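J.: Below you'll find the structure I mean.
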Amino acid sequence: MTTKLFPRKINNKNLMENNYLKKNIHQYIVFYANIDKFQYINDNYGHSIGDILLEKYGQFLRNLIGNYGIVFKFYSDEFIIFINKNRIKSIDFITRKMQKRLCKLFKIQGYEIIITSSIGIYQPAIGENLEEVIRKAYIALHKAKKQGGKKLAFYTGQTEENIQRKAIITKELNKSLINGMFNGFTIVYQPIYSIKKKRIEEVESLIRWENSILGNVSPSEFIPIAEETGIMQDLGYWIIKKVIKQIKEWEKEGIKLKVAINISPKEVEENNFLNNIKKLIEREKINYNQIKFEITETQILSLEEENLRILKELKQLGVDISIDDFGEGYSSIKNMIFLPINEIKIDKKFVEYIHIDEKIELLVTSLILFAHKVGYKVTAEGVEYKEQFIKLVECGCDSIQGYFISRPIQQEEVKTIMENIKL
Ligand code: C2E
Ligand code: CA
Ligand code: CA
């Protein structure tokens, strides 16, 4: 690299096509830098300040890397930096240098603007073309953003595989949903055992998806993608409709069951969520108290006040609202009191150790005691062993769910399990 070819200024992206870089790409490490939430700066301070900031940010990067490499301004607030491997002691050295400066204050026209950056890093191989190199650095940037920003992230093949798999899942999900067919989706039900009544009065509905290309895909994998790509609303409505029909079917066979349905905040945010539920329940003539909605604490907290009101109204109509995976996140007593709920589901992680760790046992006992004091029921999930079951009975838990009772099963198997359960 000669200084002549790359003067100490911010280079335009067209210059990147330069022959020298193309031929010797493997001698560089590529950093793809981007200001976190730049749109916020444009919206709050105006575009002219945004432009000055970009100029200053480019200079800042230029100064930061000094003679180690070259900076190119790419699209909008994106900058690409090529660091010459021959000029640095190690990649660690340069990443540590950047790490320290991910947060930076700029003074522009009397404003003090603090920005944070995210940076994707890729080490090109011999003979790789520039476009491919930039794409991989961008994938690493995307990874840094997904980790919440103000981060450096390296490109790995795994990142690429994840992105490709996500793209296929998105495409296949969309294909499955065409014409409202929901091809390959089914619902299984996992029995929930009431300790006091000594019988199964409830099941949780769990979605399954078998796709011709991907095979069985776990809901933990495809639900977040469905949420992100805006198809969760349709899928969620399909699930609720199918479950409500199933409750009616069971009723016809003389089986009275409550079904716990997992819902995503995206569904509650849909304009017609409440009315749709009311219509479905009234059409099938089931009771509101035959439905329970499960939602995690983080998800419930992400809801706007008006959507929380929808849950409150459903609760008033008789629908149970349960906090799923309780204890998994930053569960707080305050949320337990103020959210519109009437059940908590103790996360598997506690249940896993309840029979071997006295502190966990004590914690669960106090949690259950408190939940009962404020009028909530408690279900423990992920119960796999008799020892766990016995401990949970001692702790005062109301209901038990897990492989110890039954795995998730087909709708027609529920009756047999209900009739044969003896504990
Ligand atoms: P979740 O709501 O916490 O569901 C419990 C998960 O634990 C289920 O996994 C269930 O099969 C599994 N499980 C049940 N008993 C045991 C046990 O004894 N031991 C162990 N290790 N696991 C047990 P699944 O069906 O793969 O679902 C994963 C997650 O996907 C669910 O976690 C839920 O968050 C989401 N999900 C599933 N179905 C739906 C749905 O219809 N709608 C929405 N929004 N999310 C769903
Ligand atoms: Ca659940
Ligand atoms: Ca759960």
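Nothing in this text is a laboratory measurement; each read-out follows from the coordinates by a stated rule. Nothing here was measured: the structure is a model prediction, and the numbers come from that model. Don't worry about glycine lacking a Cβ; one is built from the backbone with ideal geometry, like all the others, and counts go over all protein chains shown.
J.: Take every DSSP beta bridge with both residues inside the range 81-231 and express the antiparallel ones as a percent of the total, to the nearest 5.
T.: 85 percent
J.: Then there is this: By how many degrees, 0 to 90 and rounded to 10, does the Cα axis of helix 91-100 deviate from the longest principal axis of the chain?
T.: 70 degrees
J.: Residue-wise, which Karplus ³J(HN,Hα) couplings in Hz belong to the range 29-46, taking 6.51 cos²θ - 1.76 cosθ + 1.60, θ = phi - 60°, and x for glycine or proline?
T.: With the stated coefficients, the range 29-46 comes to 10, 9, 10, 10, 9, 8, 6, 5, 6, 4, 4, 4, 5, 4, 5, 8, 10, x Hz.
J.: Hey, can you grab everything whose amide H is under 5 Å from the amide H of E384? Only 5+ residues off in sequence or another chain; H modelled, so Pro and N-termini drop out.
T.: F404
J.: What angle do you read, to the nearest 10 degrees and between 0 and 90, between the alpha-carbon axis of helix 273-284 and the longest principal axis of the chain?
T.: 30 degrees
J.: Add -39500 (n - 2.57) for each DSSP H run of 4 or more in the chain, then divide by its residues: what number comes out at 222 nm, to the nearest 500 deg cm²/dmol?
T.: Helix contribution divided over all residues of the chain: -14000 deg cm²/dmol.
J.: Helix 386-395 versus the longest principal axis of the chain: what is the Cα-based angle in degrees, 0 to 90, to the nearest 10?
T.: Helix 386-395 sits at roughly 80 degrees to that axis.
J.: In terms of modelled amide H atoms, which long-range or inter-chain residues lie less than 5 Å from the amide H of N211?
T.: N216, V217
J.: OK, next. Using the number of other C-beta atoms within 10 angstrom as an exposure proxy, rank D51, D320 with the fewest first.
T.: Going from sparsest to densest Cβ surroundings: D51, D320.
J.: Taking the Cα atoms of the range 287-372, what is the range of coordinates along each of the three principal axes, in descending order and whole Å?
T.: 41, 27, 19
J.: Let me ask another. Could you order the peptides 265-277, 409-421 from most to least packed, using the average number of other C-beta atoms within 10 Å per residue?
T.: Ranked by mean Cβ neighbours within 10 Å, highest first: 265-277, 409-421.
J.: Considering only DSSP beta bridges with both partners in the chain, what is the antiparallel share in %, to the nearest 5?
T.: In the chain, approximately 60 percent of DSSP beta bridges are antiparallel ones.
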